[in-house]
Amino acid sequence: MGEVDDRLRTLARGLGAARVLVVPCDAVVGLLDSSRGLLSASPVTCLDIRTAAREAHDAGRSLCVDVSACGPLGCPAVRLGADVAVSLLDDIAAVGVARGVDDELVASLAAEAAESCDDAEKAPSLARARLDGWHRSSDAAQVVAAYLSCHPRVEKVSYPGLVTSADHRVAASTLVSGFGPYVDYVDVSGDGRWQRVDARGWDGITLVEQLENQLARCHPKAR
């Protein structure tokens with residue numbers, strides 16, 4: 001059991017949490033319903049956890065952040081101010097909690113964890129695999145974002161990894177091992193619609209080749 005405890009301490013450090021509990025996914029449905037996502041949708045931006053936590057606490061609320069995208073080793077959400085951080089890992093969830101979090105919540109999670117203690121043994125390896133995938137897809141997305149940002153048929157690009165992005169500084173101090181797999185852009189077709197590139201499972205060069213073929217057929221809308 002000591003080896004498992006050491007592994008869970010690694011997850012706790014990754015989340016910046018006082019404690020990590022590993023529970024079945026259905027035990028965190030309520031938490032996820034009230035959580036903030038680490039990466040917002042269209043156009044993609046990185047959550048400023050410090051600001052979100054300050055606003056929540058000023059309003060007398062707690063902040064739960066869903067870090068499933070990068071896993072429990074990819075964002076120290078609790079250290080940045082979140083009260084709870086949740087990461088789904090296949091059929092289990094790693095939940096990091098801050099000191100002083102509601103005792104009732106911790107007790108209910110601890111009861112679920114006690115009933116599924118075997119899950120604690122597989123959580124660290126799943127977390128490392130999630131971080132590795134996050135790193136690879138982030139590298140591919142960085143290539144895509146750099147390509148799109150200088151393409152003559154692209155009007156806008158949103159990616160936290162670009163130094164020109166408004167949330168780059170926040171993302172750089174929030175995310176570990178990359179800026180994520182999602183790149184959003186608007187082409188010159190004139191409809192102003194954000195389009196998403198999801199780099200998970202791809203390499204950057206292949207994605208660039210696909211985008212080059214797609215953008216070659218894109219022409220500015222006649223005015």
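The values are calculated or read from the model by the stated rules, or taken from the named source; none is laboratory data. As the structure is a computational prediction, the values presented were derived from the model and not from experiment. Neighbour counts are summed over all protein chains in view; Cβ atoms, including those assigned to glycine, are modelled from backbone coordinates with ideal geometry. Ligands, DNA and RNA are excluded from the accessible area calculation, which covers all protein heavy atoms including side chains. Shrake-Rupley method; radii C 1.70, N 1.55, O 1.52, S 1.80 Å.
Enter the angle in degrees (range 0 to 90, nearest 10) between the Cα long axis of helix 119-149 and the first principal axis of the Cα atoms of the chain, meaning the one along which they spread out most.
The angle comes out at about 20 degrees.
Over all alpha-carbon pairs of the stretch 15-151, lay out the pair-distance distribution in 5 Å bins, whole %, shortest bin first.
Bin by bin from 0 Å, the calculated values are 2, 10, 19, 22, 19, 12, 8, 4, 2, 1, 0.
Could you give the distance between the Cα centres of the stretch 130-185 and the stretch 18-36, to the whole Å?
Centre-to-centre distance over Cα atoms comes out at 27 Å.
With a 1.4 Å probe and all protein chains left in place, how much of the accessible area of the stretch 105-221 comes from carbon and sulfur atoms, in whole percent?
On the way: 3210 of 6120 Å².
Whole-percent figure for carbon plus sulfur exposure: 52.
Which angle from 0 to 90°, rounded to the nearest 10, does the C-alpha axis of helix 204-216 make with the longest principal axis of the chain?
Around 40 degrees separate the two axes.
What does the accessible area per residue of the stretch 111-223 come to in Å², with a 1.4 Å probe and no ligands, DNA or RNA counted? Don't skip to the end; give the middle numbers.
On the way: 6250 Å² over 113 residues.
Result: 55 Å² of accessible area for each residue.
Using just the helices of the chain, give the 222 nm mean residue ellipticity in deg cm²/dmol: DSSP H runs with n ≥ 4 each add -39,500 (n - 2.57), and the total is spread over all residues, rounded to 500.
Numbers: 7 runs with 93 residues, N = 223.
For the chain, the value works out to -13500 deg cm²/dmol.
Looking at the stretch 1-157 only, what percent of DSSP beta bridges run antiparallel? Nearest 5 please.
On the way: 13 of 18 bridges.
Of those bridges, close to 70 percent are antiparallel.
Counting only Cα atoms, I'd like the Rg/Rh figure for the stretch 108-174, Kirkwood definition for Rh. If you can, show how the numbers build up before the last one.
Numbers: Rg = 18.6 Å, Rh = 15.0 Å.
Result for the stretch 108-174 is an Rg/Rh of 1.24.
Could you give the length gained by full extension between ARG99 and ALA52, i.e. 0.36 nm per residue of separation minus their alpha carbon distance, to one decimal place? If you can, show how the numbers build up before the last one.
Numbers: separation 47, 0.36 × 47 = 16.92 nm, distance 1.81 nm.
So the extension gain works out to 15.1 nm.
Which angle between 0 and 90 degrees, to the nearest 10, do you get for helix 103-115 versus the longest principal axis of the chain when only C-alpha atoms count?
The two axes meet at around 90 degrees.
Can you pull the one-decimal nm distance between simple spin-label points at ALA166 and SER149, each 7 Å off the Cα toward Cβ?
Taking the two extended label points, one gets 1.6 nm.
Let me know the Kirkwood hydrodynamic radius for the stretch 137-204, please, with Cα pairs as the basis and the value in Å to one decimal.
Details: mean 1/r = 0.0827 Å⁻¹.
After inverting the pairwise mean of 1/r, the radius is 12.1 Å.
Work out the FRET efficiency for ARG61 and ALA216 from their Cβ-Cβ distance, taking R0 = 45 Å, and round it to the nearest 0.05. Working shown, then result.
Values: r = 49 Å, r/R0 = 1.09.
So the FRET efficiency works out to roughly 0.35.
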